[in-house]
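Report on the structure given below.
Where a number appears in this text, it was derived from the coordinates with a stated rule and is not lab data. In this text, all values refer to a predicted model and were calculated from it rather than measured experimentally. Don't worry about glycine lacking a Cβ; one is built from the backbone with ideal geometry, like all the others, and counts go over all protein chains shown.
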Amino acid sequence: MAERSSTGLLTMMLEPTPALAMTLPAEVREKLAELELELSEGDITQKGYEKKRGKLLAPYIPQIQGVDPSLQIDNRIQASSQVALQGSKSNKSRAANTRDERFRSDLHTEAVQAALAKYKERKMPMPSKRRSVLVQSSVEACTPPDTSSASEDEGSLRRQGRLTTSTPYQGHSHPAVEHWFNRVIQGSSVTTTNTTAHAALNVNAAATALADLMAHTHLEKHTDLVSFSFLICPSLIHPRPPSISQSICLHMPTSHLRHHNYLHFFPSVFLYMFFFLVMFMSSQPFFLSFHLHKTHFIGVPVNSRVSNKIQQLLNTLKRPKRPPLREFFVDDFEELLDVQQPDPNQPKPEGQQMCPLEGEPLGVVTNWPPSLPAALQRWGTTQPKSPCLTALDNAGKPVYTLTYGKLWTRSQKLAYTLLNKLSSRNEPLLVPGDRVALVFPNNDPVMFMVAFYGCLLAELVPVPIEVPLTRKDAGSQQIGFLLGSCGVTLALTTDACQKGLPKAQTGEVATFKGWPRLLWFVTDGKHVVKPPKDWHPPIREASNDIAYIEYKTSKEGSTMGITVSHSAMLAHCHALTQACGYTEGETITNVLDFKREAGLWHGVLTSVMNRMHVISIPYSLMKVNPLSWIMKVHTYKARVAVVKSRDMHWSLLAQRDQRDISLSSLPKKLLLIWSISSCDAFLNVFQSRGLRPEVICPCASSSEAMTVAIRRRIGRQENAVLSMGGLSHGVIRVDTEEKLSVLTVQDVGQVMPGALVCVVRAEGIPYLCQTDEVGEICVSSGSTGVAYYGLPGMTKNIFETVPVTPSGIPISGRPFTRTSLLGFVGPDSLVFVVGKMDGLMVVSGRRHNADDVVATALAVEPMKFVYRGRIAVFSVSVLHDERIVVVAEQRPDASEEDSFQWMSRVLQAIDSIHQVGVYCLALVPANTLPKAPLGGIHISETKQRFLEGALHPCNVLMCPHTCVTNLPKPRQKQPEVGPASMIVGNLVAGKRIAQACGRDLGQLEDNDQARKFLYIQDVLQWRAQATPDHPLFLVLNAKGTVSSSASCLQLHKRAERVAAALMGRLNTGDHVALVYPPGIDLIATFYGCLYAGCVPVTVRPPHPQNLATTLPTVKMIVEVSKSVCILTTQAITKLLKSKEAAAAVDIKSWPTVLDTDDLPRKKSPQMYKPPTPEMLAYLDFSVSTTGILAGVKMSHAATSALCRSIKLQCELYPSRQIAICLDPYCGLGFALWCLCSVYSGHQSILVPPLELESNASLWLAAVSQYKVRVTFCSYSVMEMCTKGLGSQTEALRLRNVNLSCVRTCMVVAEERPRIALTQSFSKIFKDLGLSPRAVSTTFGCRVNVAICLQGTAGPDPTTVYVDMRALRHDRVRLVERGSPHSLPLMESGKILPGVKVIIANTETKGPLGDSHLGEIWVSSPHNATGYYTVYGEEALHADHFNTKLSFGDTQTVWARTGYLGFLRRTELTDASGERHDALYVVGSLDETLELRGMRYHPIDIETSVIRSHKSIAECAVFTWTNLLVVVVELEGSEQEALDLVALVTNVVLEEHYLIVGVVVVVDPGVIPINSRGEKQRMHLRDGFLADQLDPIYVAYNM
């Protein structure tokens, strides 16, 4: 099943579909073929090609009305048949630009192009990126929006209005709109899946229908609303269950149609077209209504790369299937990841069990030196003039030739100096057997060779490593760990290298991170001394002592030291000499790193054994001139060349400039160090230059086993064309070369002399493989590495493997060494290698090799995009499976659009050829990936940076929807279980009904004088007479001094003045808006209104610096509350009528504004007495966390009951002082500021939170100064203190700030307690005497502002740990602290006296057991009476404030809080001696996210996201239809923005089993927060949909 994609529906129409192609006349098809050929050979430009092709196809394609036919054709993007690299440019530029093809084989490239030809060319939906983040982007690039904006939740649909339909408007189309349409159609993409010809016909039919529709649709020039509707009812098709939506309403602001370079996010036409196609193909009659509207924006999101899998996933999310109910009561919170079941049809090995393969015996050589130092001594004394090593400079000129005599004498000098001239405290610094680091640059093989042999002669153990250029070199820390574990104290280097190393301030070489302290010794001539004549180095026979240690970096990035013994080193030289046919005095060119692996074995060790002359070609020369090694073979008549396949590819691409090169001098070997690529292309080109086929000798090797196999039989070469599908299952299946998914590999020859080789299973017990099974090659011989230094456990696994037969019998008494090479033994005992363990990625049980994926990616037009072919492929573990990540360096001149085009095609190619999805594809700027020593990419360091969020990509594309197939199955609700059944089930299970109550008000005896008054204003009058001078309020300013105060009498007098001013002007029952800053004026005018019989509405004043956003809220509250008058100060009066205000609101429509600053001292004639306490006392307006402005009505009775309840809970009396740092405009904050002091008579120290911005310690200093026992604050105040004073506790203590007086510090909130914040606050201020038991939270909401308060008596607040997975299923399961998926929840304070609470099912309205999560319902005398709304929606009022249980206690009237929570009976006892019932608030019901049939709480996802990267300052999540949108605030450099996309996606997948649909990265402060410090997620959502966030980056996960 091949996926077929196009660049929008328009392009789909312009492409000749198979059906259309068949109907084209033969001559047209011939002309099209000729055009394709001309384009591929560069004889015609792309533009000319498209123009001619358009003219040929124009008569056969239905035109779209209103779009010029030539424009239709020109807008087309080249088809995939033109994927081949375009035009032959100058040879020079080709040589410079195409080095990235080193992985390439012609066969593989053809396969990739054939795979892409199955797809239509398409553009990826590009994400939105702020201009400052763009690397380089075309000004003209029109980026199509990625997904439509929509909301399927009922609330949003209800808010936005009804679904509307209309007929198309007639008239001429708007030019700007039409241009936008053309641009969008040109740049959009649609993905469909063709399974049958019938489906293809459906698509064509749909395309034609839409073309007809577009032909008859015109956009009215002057209309705001453009809509078109149609009904499709495919006949002769049986109706099926409806798809994701049967009636879809899409809105789009027409204002955005004019922004052609707009990089963000509104839906483009192709989305509508896509839905049209999907619905049409689903054979489901449906109605689709499109709207382009000016302001509103609702719709269904369709990702422009939505595949059928995602469509099915969306359908599953929408309507989970209902299986038959097996049991009466089912616990369904257990989530099981979908385990990938093996495909029953997958290929399985069918061959015989393989037999171990034995190499030819090692020949007996007469006069063979007994050790390598002995060979050096022989040649140094008998052939001193014989050349040993010639070093070249960057221009290719010989710099120095080291003779065997020089090597011998200089090595002797160094050995003597190291052993005798270096001392520490009169003790020799080194003794034989000590390890010494060799730090030499790659362009100085001479000094390295002298140092290496000097160490061998001194019986020291050389540890060659790379030169650390900076302190942050990739892998440098791991090298330091190796040096430390080897006990290295001395490093040898050259003078030039030592000068180039980073220095400390003392001038010494800096100590690198993770490195031991080293003494650096320069080995140049002036630093070494000549040994005395009687001193001779000990020349011993080869033993099992360590000769040298070679470092190796593992897949995970850790560095191990592989020890090689003297005997293994000698045996390896012997085996290489025999296998390669080396003879004495030969010349060899070496391109490889001479410090390790094959470069060391051939160019430093075996060469000395055989007195060969090595021409060492530095990597820097190869970069300048890739042909240099061939030139040196030609110049020096070298008989052997040791190269990598990469070098052969570079030579291929550069050879066109050189005509005079001959390789005829290579009668022996061209040793090709193993790569998956074939050598055929190289041979085809250079055969005419004298290269004979039989001299190309691929070989396979690994650091642990050294050389494994070399091809050495003249003329023997085997090619294997293997099925990649088979290889992914570890099975060998020979395939034909015509198929796409094949891998061509060549043999690497025969097993090394004296070695025994077998192939074992790569994982688990090393069972011997079958002959047609791929496994890890293992070698048993005397010429392998011995161990990992200091790692006995890993050594046993790798170097002492015992392969066994299926029956468990060892195949040999000899231990084997694992080579980390994956392969098999082919015909004629030839060894084939298909990959490395380090590059192995096991995805959903199938194996893929990183090198294969790199080769596929590079075959997709690499010249345009990939800088020098630098691509890294690795896998990361996410949600219990490996996920493939591709990271490429982007060329500096690549445009944004081109890059995404390339990324799209890479995804298609990898999917087609490897049948595996790419999880993340990232492009980074050129030259920014960490480099390995010889210029390659340091894969493990790249992976580490990716996981740490330090890669800094410039483009990123996440595709979790296609890759992640093991998500838990969506929750399947069982509606058959009714509420009564649930309650019976609870009772059967022994679980109690979740209900609790505070103390009974009737039984509480206290001398509360205020109880005898029905109205709060009467209490104030009574206090003014009884205790006129008793201070009630103190307001502090930022300096901590009292700015204003009021005693009982003063407050009463000021209230009288306000009442006198109002009574003449207003009628009884009129609503009055009080717009005051926090202070006494607000309190006095509140009571003045009550005295006058008016209803006060407290309103937060607008912010002078932010009128545009704060003034409309004031205006809205004034209008919605129907206030007939505004009371305020003189300054705010001027502000409300200023020019700045006029820009934000209509200032002429303000009601009467009364300045109360200078009211006359008049006494009101008579106080108003309400006829009944049930009358309205005041209105409490606030914006909920869901962004809804709600005003609730508080009666006089409820007001008095609230004050009494708080007084009893907190034990408030006239002698008490409490400190309040809250906003006084709504909820409990208002009650504590304005009501409680008057009722209870205690003194309130009022600290306006705004003052803390200039003095963070104001609140705590006031608490300490007044020795306050009870204090209240908000989360924002607590956060301000935690962040602002965290490092100043010592300074506060010196200022005598002491918090030991505090018994209760309560955080006022309407949300789940923020346990992390309260705990950090307690820890920070513990040093100032704050008791950790003192900090607690309160809980209130719109229907009841105070349900829970910790108070001064009763048990301490408790914390429980619940299973987060169970909560998603509305179940409560307690777990131990630290358990997986555990979530700490803190009790929200004690239930107030007179308050009853029950947990009810949100749907059935039945009571729940205490193991269930449900809605908190409350019954209390101080419940609000109802919502105050303009139109008086009685249904809403009745549901929230006046509801009853569906069964059980059906008489009690409850109010629904809108918050989910649960009750738990604790072991603690309350004041009455009963066991204490704790209420735990989990979150707002309106904010929960219904995803995959489960209920998620935003705060849980946000906590995970904030933890994922240090630069994420804040986070908010919401759903946009069925997509999860994550908005993160970036507190750091904008280049880190794209790092967050993968980390956010990973953490949400891992911890919550959800796929993030959109990641939005914004600046700090963008997420709106209300005065209580609560996130306004719905405001954020509205801003996102209206494109008002100015995001740094928006990523749409595919």
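For the pair ASP545 and SER877, what calculated FRET efficiency results from E = 1/(1 + (r/R0)^6), where r is the Cβ-Cβ distance and R0 = 56 Å, to the nearest 0.05?
On the way: r = 41 Å, r/R0 = 0.72.
Efficiency for this residue pair is about 0.85.
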So for segment 1120-1162, if I pair up every lysine 8 or more residues apart or on another chain, how many of those pairs have alpha-carbons under 24 Å apart?
6
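Take the alpha carbon gyration tensor of segment 1306-1372, find the square roots of its eigenvalues, order them as a ≥ b ≥ c, and report rounded if a/c is under 1.5; if not, report prolate when a/b exceeds b/c, else oblate. Write out the running numbers ahead of the final one.
On the way: a/c = 2.10, a/b = 1.34, b/c = 1.57.
Oblate shape, in that a/c is at least 1.5 and b/c is the bigger or equal ratio.
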So how far apart, in nm, are the two label points at LEU469 and TRP368 if each is 7 Å from Cα heading toward Cβ?
4.2 nm
What's the local net charge at PRO1421, with K and R +1, D and E -1, over the other residues with C-beta under 14 Å away?
+3
In what sequence, highest mean first, do 1409-1416, 1320-1327 appear when ranked by Cβ atoms within 10 angstrom?
1409-1416, 1320-1327
Residues GLU1550 and ALA1513, FRET efficiency given R0 of 25 Å [Cβ-Cβ distance, rounded to 0.05]:
0.70
Estimated dipole of segment 1340-1463 in Debye, rounded to 20 [Cβ of Lys and Arg +1, of Asp and Glu -1, Cα centre]:
140 debye
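Please go through the residue pairs LYS1039/LYS1163; LYS413/LYS623; LYS129/LYS943; LYS385/LYS413; LYS1012/LYS1193 and name each one whose alpha carbons sit more than 27 Å apart in this structure. Walk me through the numbers before you get to the answer.
Details: LYS1039/LYS1163 35 Å; LYS413/LYS623 35 Å; LYS129/LYS943 24 Å; LYS385/LYS413 18 Å; LYS1012/LYS1193 23 Å.
Among LYS1039/LYS1163; LYS413/LYS623; LYS129/LYS943; LYS385/LYS413; LYS1012/LYS1193, the Cα-Cα distance tops 27 Å for LYS1039/LYS1163; LYS413/LYS623.
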Given 0.36 nm per residue, what is the gain on full extension from GLN1319 to VAL802 after removing their alpha carbon distance, in nm?
180.6 nm
With PRO1393 itself left out, Lys, Arg at +1 and Asp, Glu at -1 over residues whose Cβ is under 10 Å from its Cβ give +3
Whole-Hz Karplus couplings 3J(HN,Hα) for segment 888-896, θ = phi - 60° and coefficients 6.51, -1.76, 1.60, Gly and Pro as x, run 10, 7, 8, 4, x, 8, 7, 7, 4
Measuring from label point to label point, each 7 Å out along Cα→Cβ, what is the ASP534 to THR583 span in nm?
4.6 nm
List nothing, just return the count: lysine pairs in segment 464-586, 8 or more apart or interchain, with Cα separation under 20 Å.
9
Unit charges at the beta carbon, dipole of segment 799-954: most positive-side option, VAL833, LEU879, HIS952:
VAL833
Two-site label geometry, GLU556 and GLU358: point separation in nm, points 7 Å out along Cα→Cβ
3.9 nm
Computed lengthening from ARG1377 to VAL721, 0.36 nm per intervening residue step minus Cα-Cα distance:
230.6 nm
Of segment 1537-1576, those with amide N under 13 Å from the point 7 Å along the Cα→Cβ vector of GLU1279 are 1564-1576
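Assuming 0.36 nm per residue, please report the length gained on full extension of the stretch GLN1588 to THR1289 beyond their Cα-Cα distance. Could you put the intermediate results ahead of the total?
Values: separation 299, 0.36 × 299 = 107.64 nm, distance 4.01 nm.
Going from the current span to full extension adds 103.6 nm.
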If I take R0 = 45 Å and measure r between the Cβ atoms of HIS1030 and MET1116 in this structure, what FRET efficiency does the formula 1/(1 + (r/R0)^6) give, to the nearest 0.05?
0.70
When a/c is below 1.5 the answer is rounded, else prolate if a/b is larger than b/c, else oblate, so apply that to segment 1295-1432 with a ≥ b ≥ c taken from the square roots of the Cα gyration tensor eigenvalues.
oblate
